[in-house]
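The values are calculated or read from the model by the stated rules, or taken from the named source; none is laboratory data. These numbers were taken from a predicted model, which means no experiment stands behind them. Heads up, the Cβs are rebuilt from the backbone with ideal geometry, glycines too, and the neighbour counts pull from every protein chain shown.
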């Protein structure tokens, strides 16, 4: 159980944004937690979009094992050799999703300032108020890179995150 | 029409920057998204193909998935 849980930075968007980046993340904590309440502006009826998280502008060696659950069936699998981490199974679009609903994500990154390969867990649930397509996405994330994490870039699969999306970064210290 | 903006938050100083994407950044973002989407679809197809192959093998052997799990466990 963490002994501290400190808000580093965060906000709710007052206007749409193509991406949201936390830079100059201090190395003084043990773990990081990213909490996102997000919705993108993708049209076309898709409600199961994903968002992406990129560390330190690194564009290779990301992989993940995922479990997605929809209103009808679960699916599992792996993504390899990605250019960022995708967290899917829980992102809404303006056209396909219920109006004014958001998906909620928590990404936990332990030992982010250490010199080992970086791992994280993601848990995303979609709020959509429908009877047939509730989405959940759970992922084990791995980045084959040992650099300390100093920046996190979050991008939607659509053109932008809509107004009202929120992004919060917390630091956890175990002593 | 203006390009979309990106937000950068400096966690040390608290400074928040709202920066309009350049045309090159928009193009790169679209290219990155296309690559990720292609890879994602390929991985999903591979997983689906594997599941179909597994089912076909079990059918040939006359085993259920639970029975196969017992054998392999």
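Residues that are over 21 Å from residue B:17 (Cβ atoms), at pLDDT 80 or above and crowded, with 16+ Cβ neighbours inside 10 Å are absent from the range A:16-23. When the criteria are applied in full, residue B:67 meets the requirement of being free of Cβ contacts under 8 Å to residues at least 40 places away in the same chain, part of a helix (DSSP H, G or I) and over 24 Å from residue A:87 (Cα atoms).
Counting only strands (runs of 3 or more DSSP E) that sit wholly inside the range A:42-119, those with at least 2 residues that are out of contact with any helix residue (DSSP H, G or I) (no Cβ under 9 Å at 6 or more places or on another chain), at pLDDT 90 or above and surrounded by fewer than 21 Cβ atoms within 10 Å (Cβ to Cβ) are A:62-69, A:103-110.
Okay, residues lined up against (1) at pLDDT 85 or above; (2) in contact with a strand residue (DSSP E or B) (Cβ under 8 Å, 6 or more places away or on another chain); (3) within 11 Å of chain A (Cβ to nearest Cβ):
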| residue | (1), (2), (3) |
| --- | --- |
| B:8 | yes, yes, yes |
| B:15 | yes, yes, yes |
| B:24 | yes, no, no |
| B:29 | no, yes, yes |
| B:34 | no, no, yes |
| B:39 | no, yes, yes |
| B:44 | no, yes, yes |
| B:53 | yes, no, no |
| B:56 | yes, no, no |
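The set of residues from the range A:30-41 being within 11 Å of chain B (Cβ to nearest Cβ) and modelled with pLDDT of 95 or more comprises just one member, A:32.
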